[in-house]
Amino acid sequence: MTDFRAHHHKTAAPSHLPASPPDWPLADVEVREALERCFADGSWGRYHGADLYKLTESLSEFFGLPYVYPCCSGTFAVELALRALHIGPGDEVVLAGYDYPGNFRAIEAVGARPVLVDIDHRNWNFYPALLESAVGAETRAVLVSHLHGGLVPMADLLERARWRNLAVIEDVCQAPGAMVEGRLAGTWGDVAVLSFGGSKLLTAGRGGAILTSRPEIHQRAKIFCEQGNHAFPLSELQAAVLLPQLAKLNERNARRTAAVARLVERLHGVSCLKPLQNTVKDSNPAYYKVGFHYQPPEHGHRADFIAAAQAEGIGIDAGFRGFALRGDKRCRVVGSLTECRRAAASCLVLHHPVLLEPDETIDRVAAMLERLAGTP
């Protein structure tokens, strides 16, 4: 078994990275200018201002969807999407058994019951072929996330969902700007969800939004939230800092994609790190996290590998825990969730800030991971 402590000493060479990963959010001049402008004109303290209106318009234009409703967080946005679809007590919502924990809880928050299905072994994302086996008399919707640089084949999913008369919620919190089968992620389902959390590709510290082409969904969301005033708002100041980031999203996503391609090529011979694979044609992921299948035991425990990589300044961590251990009082489970269990035990994710660094930094990260894995 690999002794990561020994490899850690070997890597402290000229290729050593800073003591911690690159900062996020970036020190963006245009974001600072937006903050200063909001201070100067007093809009930072207003209920309603031009920046929130402009952000709503800009998101609508970016995604090509007529209705955008900003709110306080991506997690709440999932709950809001469910409520706007009239999902509630007695209903079921199909969800991958490996996903963001807040999505499971959002289904519970509206009184519905999660139905868990296994994931695609190639990229540990939702597997549409398993949808039909999960549908029961009370099933009303399916919630799918594009995770860790993986993409869900949305055309296949949509066809299966429509045949069963299921609403589709598309979670693009990790994938703003990604392309899926020639269309932007977030434009496939009945409603999509964005997050502007502090680590996200578009960040305002907190915040989120729902997107839809259907006026009745937008109206129901407004009715739920506007309790005298917007009870779950995105602030004017948050909107102001998101606008310059949205304008740069496509360019930054392109840089991240190129960096991932370079990194994966360099790690081709590292047997313990297997990159997650997309098979969806005419598509391009957005890399909030870069997912890898870490393959023990001959290369040591995942936690030890993570600790050694983090000690070298590499922003690597474990993936989600998944829901395979949730009891039947909280959810209905379809099958054994074999891949969900594997993902929970074996997924490694590289955080995105380093992907905007120069090629030389990407090469140093690859070299360190090679050494930690014991690859000559």
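The values are calculated or read from the model by the stated rules, or taken from the named source; none is laboratory data. Bear in mind the structure is a predicted one, so any value in this text is a computation, not a measurement. With ideal geometry, Cβ positions are generated from the backbone for all residues, glycine too; neighbour counts draw on all protein chains shown. To get the accessible areas, we keep the full protein, side chains included, count just its heavy atoms, and leave off ligands, DNA and RNA. Shrake-Rupley method; radii C 1.70, N 1.55, O 1.52, S 1.80 Å.
Observations on the model:
- Which listed residue is outside any helix (DSSP H, G or I) and closer than 26 Å to Trp24 by Cα, from Leu350, Leu369: Leu350
- Among residues of region 292-307 being in contact with a Lys or Arg (Cβ under 7 Å, 6 or more places away or on another chain) and open to solvent by less than 50 Å² (accessible area, probe 1.4 Å), the one that is nearest to Val365 (Cα to Cα) is Phe292.
Residue by residue, here is whether (1) in contact (Cβ under 8 Å) with a residue 60 or more places away in the chain; (2) in contact with a His (Cβ under 8 Å, 6 or more places away or on another chain); (3) closer than 25 Å to Glu92 by Cα; (4) part of a loop (DSSP other than H, G, I, E, B) holds:
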| residue | (1), (2), (3), (4) |
| --- | --- |
| Gln310 | no, no, no, no |
| Gly313 | yes, yes, no, yes |
| Asp317 | no, yes, no, no |
| Gly322 | yes, no, yes, yes |
| Gly327 | no, no, yes, yes |
| Cys340 | yes, no, yes, no |
| Ala344 | yes, no, yes, no |
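- Residue within region 242-257 that is part of a loop (DSSP other than H, G, I, E, B), polar (S, T, N, Q) and open to solvent by 60 Å² or more (accessible area, probe 1.4 Å) present: no
- Subset of region 121-136 (residues that are charged (D, E, K, R) and either at positive phi or in a loop (DSSP other than H, G, I, E, B) (or both)): Arg122
- Scanning region 221-240 for residues that are open to solvent by less than 30 Å² (accessible area, probe 1.4 Å) and of a type in the set (Val, Ile, Thr) turns up nothing.
- Matching residues in region 186-219 - criterion: being surrounded by fewer than 19 Cβ atoms within 10 Å (Cβ to Cβ) and assigned to a helix (DSSP H, G or I): Pro215, Glu216, Gln219
- Residue selection: Asp317 fails the criterion of being modelled with pLDDT of 95 or more, on the phi < 0 side of the Ramachandran plot, touching a Lys or Arg at 6+ places or on another chain (Cβ under 7 Å) and surrounded by fewer than 22 Cβ atoms within 10 Å (Cβ to Cβ).
- Complete set of residues in region 271-282 that are surrounded by fewer than 19 Cβ atoms within 10 Å (Cβ to Cβ) and part of a loop (DSSP other than H, G, I, E, B): Ser271, Gln277, Thr279, Lys281, Asp282
- Extreme residue, surrounded by the most Cβ atoms within 10 Å (Cβ to Cβ), among residues of region 91-116 that are touching a Phe, Trp or Tyr at 6+ places or on another chain (Cβ under 7 Å) and assigned to a strand (DSSP E or B): Ala96
- Any hit, region 285-304, residues being under 26 Å from Ala343 (Cβ atoms) and of a type in the set (Lys, Arg): yes
- Residues (in a helix (DSSP H, G or I) and surrounded by 20 or more Cβ atoms within 10 Å (Cβ to Cβ)) located in region 45-80: Asp51, Leu52, Leu55, Leu59, Phe63, Gly74, Thr75, Phe76, Ala77, Val78, Glu79, Leu80
- Within region 29-50, residues that are closer than 20 Å to Cys72 by Cβ sit with their Cβ atoms under 8 Å from residues that are loosely packed, with under 12 Cβ neighbours inside 10 Å, at 6+ positions apart or across chains, in these pairs: Tyr47/Asn229.
- Condition met for His86 (under 30 Å from Gly136 (Cα atoms) and either open to solvent by 40 Å² or more (accessible area, probe 1.4 Å) or not in a helix (DSSP H, G or I) (or both)): yes
- Yes/no for Leu65 being in contact with a Leu (Cβ under 7 Å, 6 or more places away or on another chain) and under 19 Å from Cys225 (Cα atoms): no
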